[in-house]
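*Asks:* Take a look at this one; I'll ask things after.
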């Protein structure tokens, strides 16, 4: 499975690559506007999801926006950077136990070994 | 040599309290592996660690407010110090890790319910989670009740395998 590796502050996450429709740099993308708590991309009003608060991180100065498509809807996710696209065998991804989450609608679904610390896999279907 | 009715426990320090769990629920004790925080998880979940290809939830009981009585945590303990060890427990189908320090084996000879200390409020741990208090020399070690503890942590209950038999016995007097 191919994943886009992203950073949110000090945290490092993986997003399933086929769920990422676009990687948007707000400095170069005239069709992207932030509007209140949401975003508008090419006239489409989308939910803006900022993982910084959930991760306990402060937003960076030069964010990158991902246009993500889940099983139910699309949304814009703000991250601090994109690192690489990598192939991760599905067998390397350990599912997260659902009972650790404080609320339904979890943001992460799995974890895999990645250097000194494991990396979490975003759950775009649970989130969107 | 163990006497009749002896039970082996895993003893550890958490938040300054000397605690123990029945050896039957403990799968292994390892040095604390890298733990990645999981946004959206309970506040007392430090994160997950990968252990043998399994995503192991890592619990920090110091952050679990309901676990402590008015006198805990950090009563005489190293405030803010993360546990150096991970006590890996099997609970039904679930596996989880508890952070702790100074992990050791402890033999409990017989069963002497001694939760009076917990009842009297002299215990750092809330009495709901205390199955017994084991005396060793001048020290008191709080034997935790894994049934109430793991249920309160949100770990799903399951049919107890052989290793868990008897670990949830409670005081019939209702203490």
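*Asks:* Just tell me how shielded A:91-99 is by partners: mean number of partner chain Cβ atoms within 10 Å of each residue's Cβ, no decimals.
*Replies:* Going residue by residue through A:91-99 and averaging, the value is 5.
*Asks:* Using 1/(1 + (r/R0)^6) with R0 = 45 angstrom and r between the beta carbons of residue A:90 and residue A:27, what's the FRET efficiency to the nearest 0.05?
*Replies:* Rounded to the nearest 0.05, the efficiency is 0.80.
*Asks:* Run lengths n ≥ 4 of DSSP H only: what is the helix-derived mean residue ellipticity at 222 nm for chain A, with -39500 (n - 2.57) per run over all residues, to the nearest 500?
*Replies:* Result for chain A, helices only: -1000 deg cm²/dmol.
*Asks:* Also, I was wondering about something else. Using a 10 angstrom cutoff on alpha carbons, build the Gaussian network for chain A and name the most mobile of A:68, A:46, A:34.
*Replies:* With Cα springs under 10 Å in chain A, the top fluctuation among A:68, A:46, A:34 is at A:34.
*Asks:* Still on this structure, I have one more. Before anything else, pin down the relative contact order of region A:2-127: Cα pairs under 8 Å, at least 6 apart, normalised by residue count, whole percent.
*Replies:* It rounds to 28 percent for region A:2-127.
*Asks:* Can I ask one more? Sorting B:59, A:13 on the 10 Å Cβ count, fewest up front, what's the list?
*Replies:* A:13, B:59
*Asks:* To continue, here is another question. Hey, in the GNM for chain A with a 10 angstrom Cα cutoff, which one of A:76, A:23, A:49 fluctuates hardest?
*Replies:* Answer for the Gaussian network model of chain A: A:23.
Just so you know, all these numbers are worked out from the coordinates, no wet-lab data involved. Predicted model only: the values in this text are computed from it and were never measured. Glycine also receives a Cβ, built like all others from the backbone with ideal geometry; neighbour counts cover every protein chain displayed.
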